[in-house]
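What follows is one structure encoded as structure tokens, with my remarks underneath.
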């Protein structure tokens with residue numbers, strides 16, 4: 001079993017569970033912000049009204065309207081304070097910090113626990129090896145508060161494997177946002193995501209935090225990172241922390257693995273006697289997507305030939321021609337058309353290629369540390385895909401890969417003229 005299955009099995013008193021099973025599991029922590037606490041407590045008082053059997057499991061953090069903009073919002077905070085005192089739950093009042101940072105830094109979300117919350121970013125606590133899920137307010141009021149339990153359908157697992165190093169000027173947050181674009185919003189509905197690979201393993205705890213939080217954008221039920229030494233060392237810094245509940249998955253093969261790997265390189269040759277030069281660059285990306293076809297890996301190559309010499313007293317003049325091919329960098333994306341400027345989903349791209357060639361002229365002005373340039377490029381695309389059918393969900397494209405066909409695509413041109421100051 002994987003980590004999510006082990007946590008759900010233990011919390012529901014079962015030896016094992018599998019994707020699709022429905023279980024009722026003990027909940028270790030319920031976390032609410034000021035807005036959801038107000039709504040949830042009102043439902044609880046109106047429809048349930050019994051004593052809370054586990055008030056120590058319920059946490060409220062004022063982080064949405066911690067500086068109330070209206071009298072009504074100030075009243076909401078006061079009602080939350082009164083309810084928390086009366087029911088004996090834990091309250092972090094205004095100025096305590098972000099709801100999820102407060103929970104984590106106070107040792108209230110730990111490895112192996114089940115954490116539920118009203119905030120859509122609750123799955124971020126999977127960073128510590130918890131099963132963290134966002135539920136609705138009525139679920140909190142109807143099952144979590146009176147019984148300390150919630151029901152779950154065991155999700156299927158998608159493993160996202162990241163390799164490579166950060167480029168200069170980029171951060172893990174850039175990678176996380178890029179990953180949302182690569183996977184696609186709503187692409188893994190009700191799945192469990194495991195973030196793994198050398199890139200993830202080399203991050204510190206708070207940089208890892210940026211990846212499970214993506215669940216809300218991708219449509220996943222939960223997300224996590226397998227607990228390791230980084231996790232253990234972090235948990236030891238938390239107040240009242242314990243590693244007693246920590247679990248790891250068994251490492252069984254995963255059917256749906258999305259790997260993101262980049263290999264890039266470049267080389268240049270300069271012949272001093274003739275001032276001719278040649279540059280070449282290329283790259284390959286294995287970015288497996290949930291595309292129901294066998295698409296080739298993404299790749300590109302680029303070649304530039306030119307001459308660079310000082311014909312003018314102001315500085316070097318460079319003239320060049322270039323050629324490039326970019327293959328399958330958009331596979332799996334939804335192609336849209338724009339009649340009357342309204343986006344209309346058409347279908348899924350399964351094969352793309354853009355051939356580019358062009359020429360350019362650069363003139364250096366050494367006295368001003370200035371580079372003047374003009375470029376012209378020509379693009380010739382080739383794309384293939386299959387149309388949406390929207391069989392099960394009007395928001396999900398669907399479609400039949402056997403209906404793949406080559407699509408009409410117009411070529412285009414681009415001209416750039418500018419100047420660059422060299423520091």
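The values are calculated or read from the model by the stated rules, or taken from the named source; none is laboratory data. Given the structure is predicted, the values throughout are model-derived calculations rather than measurements. Neighbour counts run over all protein chains shown; Cβ positions are idealised from the backbone, glycine included.
Per the conditions (1) touching a residue at least 24 places away in the same chain (Cβ under 8 Å); (2) assigned to a loop (DSSP other than H, G, I, E, B), the sole criterion not satisfied by residue 69 is (1).
The set of residues in the stretch 214-254 being in contact with a strand residue (DSSP E or B) (Cβ under 9 Å, 6 or more places away or on another chain), free of Cβ contacts under 8 Å to residues at least 40 places away in the same chain and farther than 16 Å from residue 130 by Cα consists of 218 alone. Scanning the stretch 266-280 for residues that are surrounded by 10 or more Cβ atoms within 10 Å (Cβ to Cβ) and either under 12 Å from residue 307 (Cβ atoms) or outside the structural domain of residue 317 (by TED's automatic domain parsing) (or both) yields 270, 271, 275, 276, 277, 278.
So in the stretch 53-70, with the set limited to residues that are at pLDDT below 95 and more than 18 Å from residue 99 (Cβ to Cβ), which one is farthest from the chain's Cα centre (by Cα)? Don't jump to the end; show me each part of the working.
Just the residues of the stretch 53-70 that are at pLDDT below 95, to begin with: 63-70.
Retained after the next criterion (residues that are more than 18 Å from residue 99 (Cβ to Cβ)): 69-70.
Working: 69: 32, 70: 34 Å.
The extreme case among them is 70.
Got a sec? Which of 49, 20, 88 is closer than 30 Å to residue 6 by Cα and either out of contact with any strand residue (DSSP E or B) (no Cβ under 9 Å at 6 or more places or on another chain) or surrounded by fewer than 15 Cβ atoms within 10 Å (Cβ to Cβ) (or both)? It would help to see each step written out before you state the result.
On the way: 49 fails: closer than 30 Å to residue 6 by Cα; 88 fails: closer than 30 Å to residue 6 by Cα.
One residue alone meets the criteria, 20.
Kindly establish whether residue 97 is assigned to a loop (DSSP other than H, G, I, E, B) and under 22 Å from residue 153 (Cα atoms).
Values: assigned to a loop (DSSP other than H, G, I, E, B): yes; under 22 Å from residue 153 (Cα atoms): no.
No, not satisfied.
Highlighted here are the strands (runs of 3 or more DSSP E) found entirely within the stretch 315-423 that include at least 3 residues which are closer than 30 Å to residue 180 by Cα and under 27 Å from the mean Cα position of the chain (by Cα): 334-337, 344-365, 370-387.
Residue 397 meets all of the listed conditions (1) loosely packed, with under 13 Cβ neighbours inside 10 Å; (2) more than 30 Å from residue 321 (Cβ to Cβ) but one, namely (1).
Scan the stretch 136-157 for residues that are at pLDDT below 95 and assigned to a loop (DSSP other than H, G, I, E, B) and the total you get is 1.
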